[in-house]
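Trainee: Dropping a structure here in structure tokens format, bear with me for questions.
The values are calculated or read from the model by the stated rules, or taken from the named source; none is laboratory data. All of these numbers come straight from a predicted model, not from anything done at the bench. Every residue, glycine as well, gets a Cβ built from its backbone with ideal geometry; the counts of neighbours run over all protein chains shown. We work out accessible area using only protein heavy atoms, side chains counted, and drop any ligands, DNA or RNA first. Shrake-Rupley method; radii C 1.70, N 1.55, O 1.52, S 1.80 Å.
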Amino acid sequence: MDSSYLFDPEHWDPGAAGSIPQLLLSHLGYSALALLFGTLIALPVGLFIGHTGRGSFLAINAGNAGRSLPTLGLLMLMVTLLGLGLTPVLIALTVLVIPPVLTSTYAGMRSLDASVVDAARGMGMRPSQVLLRVEFPMALPVLMGGFRSAALQVIATATVAAAVGLGGLGRLLIDGLALNDYSRVLAGAVVVAALAIVLDLLLGLIQRSIVSPGLTGRAVRTRRAAPAP
Amino acid sequence: MIDYLQRNQELVLEALGEHVVLALLPVLIGIVVSLPLGYLGVRFPRLYQPMVNVCGILYSIPSLALFVILPVVIGTKVLSPVNIVVALSIYTVALLARTVADGLRSVDRTLTDAATAMGYRRIRRLFGVELPLALPVVLAGLRVATVSNISLVSVGALIGVGGLGALFTRGFQLFYAEPIIVGVLLSVLLAGIADLLIVLVQRALTPWARLSAGRV
């Protein structure tokens with residue numbers, strides 16, 4: 001195993017152009033932008049469909065349709081149609097974020113007990129309050145699942161996007177393959193894999209901290225821990 | 001587009017054939033490996049959580065990275081189709097092992113108890129009662145794995161073996177959208193057909209699901 005590229009301190013100098021920290025940063029930047037745009041589009045639509053029940057066919061099938069889209073084909077098609085540059089790639093990445101977020105938002109809203117929503121209404125909550133204070137927080141666990149898979153999808157596709165000229169960690173893989181420099185390829189692959197694994201674990205932790213303890217059963221567990229009368 | 005298809009029929013068909021093999025061989029390998037793994041996760045509950053964690057980590061590795069790391073691990077050449085097959089098998093197992101375990105755990109305890117009382121021993125009960133009842137969950141996982149395998153194969157084009165992905169790289173190099181559109185459509189169509197086939201298999205294998213739905 002040739003790890004000379006990965007462990008060469010020169011490639012870790014944050015000031016040098018094309019160093020691993022710089023590529024990592026730009027990789028995260030593109031991914032974050034696509035996640036932001038995709039979520040800004042998909043989340044409201046998912047909440048609307050989940051709340052009203054209108055257009056559920058779209059929400060149910062979006063996830064499957066998105067999964068069947070070949071990412072490389074989508075990227076290359078966008079670039080061929082719109083020209084080289086950041087915009088077509090960002091559009092492709094955003095398109096990939098929408099289906100999992102949309103479907104999971106909808107699924108999360110559908111997964112909650114209708115009697116809970118009725119109770120919220122019965123307590124006099126306005127529709128917007130029911131949505132934001134009951135339905136959304138209760139849909140969060142499922143929604144976060146979709147967001148996590150969207151994040152992984154974007155990290156993976158941003159890597160592939162180096163083939164159509166995007167910066168980021170994929171550069172090491174694509175340039176390494178082109179130069180027949182396997183040490184560089186391996187360095188890129190290891191860092192990308194580590195990034196994806198760490199990001200997924202991190203999002204898992206965030207999910208645990210933002211989901212209401214009443215939903216995860218943690219609150220119940222602590223109550224049970226108290227001595228029974 | 002029709003025009004492109006007619007002029008390049010042979011090329012497209014060859015890419016399509018390669019795509020099917022590269023996507024579905026891993027599905028078969030994945031089923032064979034994950035059934036015993038998932039069973040172990042249920043038979044020995046202590047193994048369940050570690051298994052889920054390892055599967056989650058493997059599943060989160062980006063495909064291109066896995067394709068090029070594998071040569072170091074299994075000693076293949078960097079541009080070998082074996083890397084694609086093994087990588088997609090790993091994703092399939094990572095997804096299915098957990099699904100099999102969850103499916104088996106979802107089987108109603110009273111049903112397995114009833115089978116035991118009727119004299120079913122462990123192995124016969126597994127194949128005759130538990131596995132069939134777990135099928136809807138397992139097949140739902142299989143659908144996800146199959147569809148994502150079909151879309152992932154084309155990433156392999158970046159290391160020289162990618163079925164329909166070859167049409168993407170070719171179109172991109174010529175800056176010509178037709179082959180890319182043909183490739184995307186065929187890939188999506190293939191995924192749709194595979195998905196439909198699994199749904200039909202599920203219907204055929206779980207006739208009781210429709211019967212009870214009809215009664216209600």
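Trainee: Any residue that is over 30 Å from B:Tyr4 (Cβ atoms), within 14 Å of chain A (Cβ to nearest Cβ) and open to solvent by less than 20 Å² (accessible area, probe 1.4 Å) - is there at least one of those in segment B:145-157?
Mentor: Within segment B:145-157, one or more residues are over 30 Å from B:Tyr4 (Cβ atoms), within 14 Å of chain A (Cβ to nearest Cβ) and open to solvent by less than 20 Å² (accessible area, probe 1.4 Å).
Trainee: Just the residues that are crowded, with 19+ Cβ neighbours inside 10 Å and touching a residue at least 24 places away in the same chain (Cβ under 8 Å), please, taken from segment A:191-202.
Mentor: A:Val191, A:Val192, A:Leu195, A:Ala196, A:Asp200 - these are the residues of segment A:191-202 that are crowded, with 19+ Cβ neighbours inside 10 Å and touching a residue at least 24 places away in the same chain (Cβ under 8 Å).
Trainee: Can you pull out every residue in segment B:176-201 that is more than 14 Å from B:Val153 (Cα to Cα) and of a type in the set (Ser, Thr, Tyr)?
Mentor: Residue satisfying the conditions is B:Tyr176 alone.
Trainee: Let me ask something additional. Run B:Leu197 past the list (1) under 17 Å from A:Leu69 (Cβ atoms); (2) within 15 Å of the chain's Cα centre (by Cα) and report the number of the one that doesn't hold.
Mentor: With respect to (1) under 17 Å from A:Leu69 (Cβ atoms); (2) within 15 Å of the chain's Cα centre (by Cα), B:Leu197 is out only on (1).
Trainee: Go through (1) open to solvent by less than 10 Å² (accessible area, probe 1.4 Å); (2) more than 7 Å from chain A (Cβ to nearest Cβ) for B:Ile180 and report which single condition fails.
Mentor: Failing condition for B:Ile180: (2).
Trainee: May I ask you to say which residue of A:Leu28, A:Leu143, A:Leu132 is at pLDDT 90 or above and open to solvent by 20 Å² or more (accessible area, probe 1.4 Å)?
Mentor: A:Leu28
Trainee: Just to be sure before I move on: is A:Ile60 more than 9 Å from every other protein chain (Cβ to nearest Cβ) and crowded, with 22+ Cβ neighbours inside 10 Å in the structure I sent?
Mentor: The answer is no for A:Ile60.
Trainee: With respect to the numbered conditions (1) of a type in the set (Val, Ile, Thr); (2) within 14 Å of chain B (Cβ to nearest Cβ); (3) in contact with a Lys or Arg (Cβ under 9 Å, 6 or more places away or on another chain), which one is the sole condition not fulfilled by A:Val130?
Mentor: Of the numbered conditions (1) of a type in the set (Val, Ile, Thr); (2) within 14 Å of chain B (Cβ to nearest Cβ); (3) in contact with a Lys or Arg (Cβ under 9 Å, 6 or more places away or on another chain), the odd one out for A:Val130 is (2).
Trainee: Separate question: If you go through segment A:66-109 one residue at a time, how many are open to solvent by 30 Å² or more (accessible area, probe 1.4 Å), more than 18 Å from B:Val147 (Cα to Cα) and within 11 Å of chain B (Cβ to nearest Cβ)?
Mentor: 5
Trainee: With respect to the numbered conditions (1) part of a helix (DSSP H, G or I); (2) more than 10 Å from every other protein chain (Cβ to nearest Cβ), which one is the sole condition not fulfilled by B:Val161?
Mentor: (1)
Trainee: With B:Val68, B:Val20 as the choices, which residue is in contact (Cβ under 8 Å) with a residue 60 or more places away in the chain and crowded, with 20+ Cβ neighbours inside 10 Å?
Mentor: None of the other options fit; the residue is B:Val68.
Trainee: If B:Thr146 meets every condition in (1) more than 15 Å from B:Leu35 (Cβ to Cβ); (2) modelled with pLDDT under 95; (3) under 21 Å from the mean Cα position of the chain (by Cα) apart from one, which number is that one?
Mentor: Tallying (1) more than 15 Å from B:Leu35 (Cβ to Cβ); (2) modelled with pLDDT under 95; (3) under 21 Å from the mean Cα position of the chain (by Cα), B:Thr146 fails exactly one: (2).
Trainee: Restricting to segment A:174-201, name every residue that is under 17 Å from A:Gln153 (Cβ atoms) and at the interface with chain B (Cβ under 7 Å from one of its Cβ atoms).
Mentor: Once the filter is applied, which keeps residues that are under 17 Å from A:Gln153 (Cβ atoms) and at the interface with chain B (Cβ under 7 Å from one of its Cβ atoms), segment A:174-201 yields A:Val192, A:Ala193, A:Ala196, A:Ile197, A:Asp200.
Trainee: Report the residue count in segment A:156-184 for those that are more than 23 Å from A:Leu81 (Cα to Cα) and open to solvent by less than 10 Å² (accessible area, probe 1.4 Å).
Mentor: Number satisfying all stated conditions: 5.
Trainee: Still on this model: Given the conditions (1) over 28 Å from A:Ala161 (Cβ atoms); (2) touching a residue at least 24 places away in the same chain (Cβ under 8 Å); (3) surrounded by fewer than 18 Cβ atoms within 10 Å (Cβ to Cβ); (4) not β-branched (Val, Ile, Thr), and given that B:Leu197 satisfies all but one, which numbered condition is not satisfied?
Mentor: For B:Leu197, the exception is condition (2).
Trainee: A follow-up question, please. Would you say B:Ile84 is under 19 Å from A:Leu186 (Cβ atoms), within 14 Å of chain A (Cβ to nearest Cβ), open to solvent by less than 20 Å² (accessible area, probe 1.4 Å) and in contact with a helix residue (DSSP H, G or I) (Cβ under 6 Å, 6 or more places away or on another chain)?
Mentor: For B:Ile84, the condition - under 19 Å from A:Leu186 (Cβ atoms), within 14 Å of chain A (Cβ to nearest Cβ), open to solvent by less than 20 Å² (accessible area, probe 1.4 Å) and in contact with a helix residue (DSSP H, G or I) (Cβ under 6 Å, 6 or more places away or on another chain) - is met.
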